[in-house]
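The values are calculated or read from the model by the stated rules, or taken from the named source; none is laboratory data. None of these values were measured; they are calculated from a predicted model. Backbone-built Cβ (ideal geometry, glycine too); neighbour counts: all protein chains shown. Heavy atoms of the whole protein, side chains included, go into the accessibility calculation; ligands, DNA and RNA do not. Shrake-Rupley method; radii C 1.70, N 1.55, O 1.52, S 1.80 Å.
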Amino acid sequence: MDIERGSKENSMRYKEEGNTAFKHGNYQKAVESYTKAIELNESESVFYSNRARCYKAMRMFDLAYEDAKVAVEMDDKNIKAHALLGQCLAEKGKLEPGIERLETAHARLMKSLTLCAGQKKQEYEKELQRNILRLRKLIWFKKDEALRKRKLDMLANIKRLMARDSSLNEEERTKKYEDIVELLGNPSVIPERTVPDYLCCQISHDLMEDPVTTQSGYTYERSNLRDHLAKNGNIDPVTRDSINPTHIFPNLNVKQAIEAFLKECPWGFEFKKNEDYHSCLLYTSPSPRDS
């Protein structure tokens, strides 16, 4: 019994060593520490999910996926493990044809978010929500590219068939083809996409996530307004009038409008001009945080 207790205590010590190494970006050292913890105590789900997080940070997605899968099998309520499974699947599916793996990744991330609510782990929710929005954006781009490719193939086939139609002269053939392109939309031309101004922060001009309104009636991203007030004092960024920092309120109408916009136009999250799925960012940092 004492030996078993000693092994568990030592395994926790190695886990803490791994957490410290991870915080300092020493992922290989963290892997070694978590591996030692696992060798002493193979029954702790969190040891596997912590090691998986390191592998993901090192872009070793196959190893990360396997560890996260073991962690989920041990504890289906492990939020981090479900999130890591989703993240690894998304990274692997990003450059694959089709979106099946990405949709499975989305389901994993949604499971992780649901577990956050059930376990009251609000500190994980914001980052998970961002990862879900990034994944939906990636899926949208891949669907859009696939649709444009199908249209190109269809138009190429139509052009070949029309070339064989001896009942049409060249002018008629050209006019008929142009009419079809107009009806289908020209897949070679990517339409310009813009985010509505009323959904953008008056400071950064980016799509807002957490819109708040001052006494002036202008709406800003909460973090941008907070930084502005800290730097410039209690002055409204647009009107330059004095404002009371305690009279800043969430703009729920704009928040709902942003959510509706992103549901219809997933490409709008973290919007950049001329973006495609190859340049889509999936994750900015290891997540969720330490366990």
(request) Quick one: which residue in Lys151, Lys142, Lys126 is in a helix (DSSP H, G or I), charged (D, E, K, R), open to solvent by 30 Å² or more (accessible area, probe 1.4 Å) and touching a helix residue (DSSP H, G or I) at 6+ places or on another chain (Cβ under 9 Å)? (result) Lys151
(request) Take Leu168 and decide whether it is farther than 23 Å from Asp210 by Cα, at pLDDT below 90 and surrounded by 15 or more Cβ atoms within 10 Å (Cβ to Cβ). (result) yes
(request) State yes or no: is Leu229 part of a helix (DSSP H, G or I) and surrounded by 16 or more Cβ atoms within 10 Å (Cβ to Cβ)? (result) yes
(request) Within segment 90-109, count every residue that is closer than 16 Å to Lys137 by Cβ and β-branched (Val, Ile, Thr). (result) 1
(request) From the list Leu252, Leu281, pick out the single residue that is modelled with pLDDT of 95 or more and of a type outside the set (Gly, Ala, Ser). (result) Leu252
(message) Let me spell it out: the conditions are (1) closer than 24 Å to Pro266 by Cα; (2) without any contact (Cβ under 8 Å) to a residue 40 or more places away in the chain; (3) in contact with a Leu (Cβ under 6 Å, 6 or more places away or on another chain), and Ala68 meets all of them except one. Which number is the exception?
(response) (1)
(message) So Glu270 passes all but one of these: (1) acidic (Asp, Glu); (2) in a helix (DSSP H, G or I); (3) in contact (Cβ under 8 Å) with a residue 24 or more places away in the chain. Which condition number does it fail?
(response) (2)
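Being assigned to a helix (DSSP H, G or I), open to solvent by less than 80 Å² (accessible area, probe 1.4 Å) and farther than 30 Å from Ile258 by Cβ is the requirement here; does Arg173 meet it?
So Arg173 passes the test.
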(request) Kindly indicate which of Leu85, Leu95, Leu89, Leu113 is under 30 Å from Asp276 (Cβ atoms) and open to solvent by less than 10 Å² (accessible area, probe 1.4 Å). (result) Leu85
(message) Cβ-Cβ distance below 6 Å, separation of 6 or more or different chains: which pairs start in segment 37-52 with a residue that is open to solvent by 30 Å² or more (accessible area, probe 1.4 Å) and end on one that is among the aromatic types (Phe, Trp, Tyr)?
(response) Arg51/Tyr34
(request) Working only within segment 232-255, note down all residues that are touching a residue at least 40 places away in the same chain (Cβ under 8 Å) and either in a loop (DSSP other than H, G, I, E, B) or open to solvent by 50 Å² or more (accessible area, probe 1.4 Å) (or both). (result) Pro250, Asn251, Lys255
(message) Residue under question is Val189, and the condition is that it be closer than 30 Å to Arg101 by Cα, modelled with pLDDT under 95 and either among the hydrophobic types (A, V, I, L, M, F, W, C) or not in a helix (DSSP H, G or I) (or both); does it hold?
(response) yes
